[in-house]
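Only one structure is covered here, and it is reproduced in the block below.
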Amino acid sequence: MKVLVINCGSSSLKYQLLDMTYKSVLAQGLVERIGMSGSQLTHKRGELKKVILQKLSNHAEAISLVLESLTNPKYGVVGNLQEIKAVGHRVVHGGDKYASSVLIDDIVMQEIKKYGELAPLHTPKTITGIETCKKLMPGVPHVAVFDTAFHQTLPPKAFLYGLPYELYEKYKIRKYGFHGTSHKYVSMKAIEMLGKPLSESKIITCHLGNGSSITAVKGGKSVETSMGFTPLEGLLMGTRSGHLDPAVVTYIMDKEKLSASQVNDYLNKKSGALGISGVSSDFRDIEAAASQGNYRAQLALDMFAYVVKHYIGAYANVMNGVDAIVFTAGLGENSITMREAIIRDLDYLGAEIDPVRNNVRGKQVDVSKDGSACHVLVIPTNEELMIAQETVEIVSCCFKAS
Ligand code: AMP
């Protein structure tokens, strides 16, 4: 069964066409700078790479170009679009309505639009993506896979903020959590690697990339996570501040004469590792600058490792122990020194890194010392495969039921 996975970002679109019989990737690509000058699509089929420079005013035009590329006689992978049996769409926000993936019908579309208010950068683009795919691929089932769904198992004591309860009732202000597809995928892989019964497992998953979050997964369920009402809460990230005293927000607004949307921009795009280091939001650049003796770059790295450590401690407490700490995403999978800095002095938890095993990038490896009570695992995330798997499950289940 061939499944197309679409992930619409605010000005980008990632796609993968997978053959789910073999769980293999037939083609994948990235459309960048949608709605800006210099938009382009990079399409890959195995070793073959095709770059198409074309003006793309919106995500509808981007989807059309993706589908044309997949069916192109020279670099495409299917003869026609009927060969694609289902489409899985990454949807950032499913509010408190969706605890799992769902077949998209008119009612689901309305709900996605409703929760779009909570993810205004992404959801309108996702909606355009779904509508365009539906138009160009009539009769093909479309499935929504929500970033928030995995965290719907958080108990109220974990997801509520200490605000008047009416605000939760009126506006659904609560912690939702994000990166759910990634946390679910790597926690399942970790449980497989540990060979422990699912019901007894206690895993902390650290998704450390440009956006970063940590989740406590107990018995296969998310019980606590670091991102909140929006992805701004939690860890210091590439450009996001992460947690801070809320009074700082009104203070900055007052002092810098910023509007609500300007301060939101400040905290989401100008803060975090970029704001502290003054060098870059990319940890590779920051690590390079720190190794040249740049004080603020080193400070950003130290702050990042410290806050991750802080959450690991809290989440081990929440679960009354931890069997494995998992590192995933760009930084988690690739930064040997960052993993080392985070795990340093966590021997009280039974977590110790073996420096030889830790000398690895982007591979699934247990990097802990022999006999460690708490394993340290590097597990490359694969959100596209997870979305495709969920799409197959939902489609098979719906067809069986009808
Ligand atoms: P992601 O959001 O998962 O794509 O991760 C992107 C981030 O991972 C980049 O901004 C870098 O900060 C980080 N990253 C990727 N490769 C490396 C590496 N080899 N060393 C350190 N950081 C890396």
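The values are calculated or read from the model by the stated rules, or taken from the named source; none is laboratory data. Model, not experiment: these values are computed from the prediction. Methodologically, a virtual Cβ is constructed for each residue, glycine included, from the backbone with ideal geometry; neighbour enumeration extends over all protein chains shown.
Does Thr42 satisfy being of a type in the set (Val, Ile, Thr) and surrounded by fewer than 11 Cβ atoms within 10 Å (Cβ to Cβ)?
Answer is no for this residue.
Taking the range 160-209, which residues are in contact with a Ser or Thr (Cβ under 9 Å, 6 or more places away or on another chain) and farther than 30 Å from Leu301 by Cβ?
Across the range 160-209, the qualifying residues are Ile191, Ser201.
Which one of Gly29, Gly79 is touching a Phe, Trp or Tyr at 6+ places or on another chain (Cβ under 6 Å) and either more than 25 Å from Glu393 (Cβ to Cβ) or modelled with pLDDT of 95 or more (or both)?
One residue alone meets the criteria, Gly29.
Would you be able to say whether some residue in the range 101-109 is more than 27 Å from Met227 (Cβ to Cβ) and touching a helix residue (DSSP H, G or I) at 6+ places or on another chain (Cβ under 7 Å)?
no
Hey, could you check the range 230-257 for residues that are among the small types (Gly, Ala, Ser) and away from the ligand (no atom under 16 Å from the Cβ) and say which is surrounded by the fewest Cβ atoms within 10 Å (Cβ to Cβ)?
Ala247
Quick one: count up the residues across the range 354-367 that are within 16 Å of the ligand (Cβ to nearest atom) and either β-branched (Val, Ile, Thr) or on the phi > 0 side of the Ramachandran plot (or both).
4
For the range 267-289, which residues satisfy the criterion of being over 19 Å from His243 (Cα atoms) and within 11 Å of the ligand (Cβ to nearest atom)?
Ser280, Asp282, Phe283, Arg284, Asp285, Ile286, Glu287, Ala288
Determine whether Val356 is modelled with pLDDT of 95 or more and under 24 Å from the mean Cα position of the chain (by Cα).
no
Within the range 15-39, how many residues turn out to be buried (at least 18 other Cβ atoms within 10 Å of the Cβ), aromatic (Phe, Trp, Tyr) and assigned to a loop (DSSP other than H, G, I, E, B)?
Looking only at that region, the number is 0.
Which residue pairs have Cβ atoms closer than 7 Å, lie 6 or more positions apart in sequence or on different chains, and pair a first residue in the range 317-332 that is at negative phi with a second residue that is within 8 Å of the ligand (Cβ to nearest atom) and part of a strand (DSSP E or B)?
Once the first residue is at negative phi and sits in the range 317-332, its partners that are within 8 Å of the ligand (Cβ to nearest atom) and part of a strand (DSSP E or B) give Phe327/Leu208; Thr328/His207; Leu331/Leu208; Gly332/His207; Gly332/Leu208.
Of the conditions (1) of a type in the set (A, V, I, L, M); (2) under 16 Å from Thr205 (Cβ atoms); (3) within 11 Å of the ligand (Cβ to nearest atom), Ile312 clears all except one; give me its number.
(3)
For Met338, which of the numbered conditions (1) within 16 Å of the ligand (Cβ to nearest atom); (2) hydrophobic (A, V, I, L, M, F, W, C); (3) surrounded by fewer than 17 Cβ atoms within 10 Å (Cβ to Cβ) fails to hold?
Exception for Met338: condition (3).
Could you grab me the full set of residues in the range 174-215 that are within 14 Å of the ligand (Cβ to nearest atom), assigned to a helix (DSSP H, G or I) and of a type outside the set (S, T, N, Q)?
His183, Tyr185, Val186
Against the definition (of a type in the set (Gly, Ala, Ser) and in contact with a strand residue (DSSP E or B) (Cβ under 8 Å, 6 or more places away or on another chain)), how does Ser277 come out, yes or no?
No.
Is at least one residue of the range 115-127 touching a residue at least 24 places away in the same chain (Cβ under 8 Å), under 26 Å from Ser64 (Cα atoms), of a type in the set (A, V, I, L, M) and part of a helix (DSSP H, G or I)?
no
For the range 315-335, name all the residues that are under 21 Å from the mean Cα position of the chain (by Cα), more than 10 Å from the ligand (Cβ to nearest atom) and of a type outside the set (Gly, Ala, Ser). Let's see the steps before the verdict.
From the range 315-335, those under 21 Å from the mean Cα position of the chain (by Cα) are 315, 324-335; that's our starting set.
Filter again for more than 10 Å from the ligand (Cβ to nearest atom), leaving 315, 324-327.
If the condition is that a residue be under 21 Å from the mean Cα position of the chain (by Cα), more than 10 Å from the ligand (Cβ to nearest atom) and of a type outside the set (Gly, Ala, Ser), then Tyr315, Ile325, Val326, Phe327 are the ones that fit.
With respect to Ser12, determine if the residue is surrounded by fewer than 17 Cβ atoms within 10 Å (Cβ to Cβ), under 20 Å from the mean Cα position of the chain (by Cα) and farther than 15 Å from Ile387 by Cβ. First the steps, then the outcome.
Numbers: surrounded by fewer than 17 Cβ atoms within 10 Å (Cβ to Cβ): yes; under 20 Å from the mean Cα position of the chain (by Cα): yes; farther than 15 Å from Ile387 by Cβ: yes.
Criteria met by Ser12.
What are the residues in the range 319-335 that are out of contact with any His (no Cβ under 7 Å at 6 or more places or on another chain) and surrounded by 15 or more Cβ atoms within 10 Å (Cβ to Cβ), if any?
The answer is Met319, Val322, Ile325, Val326, Phe327, Gly330, Leu331, Glu333, Asn334, Ser335.
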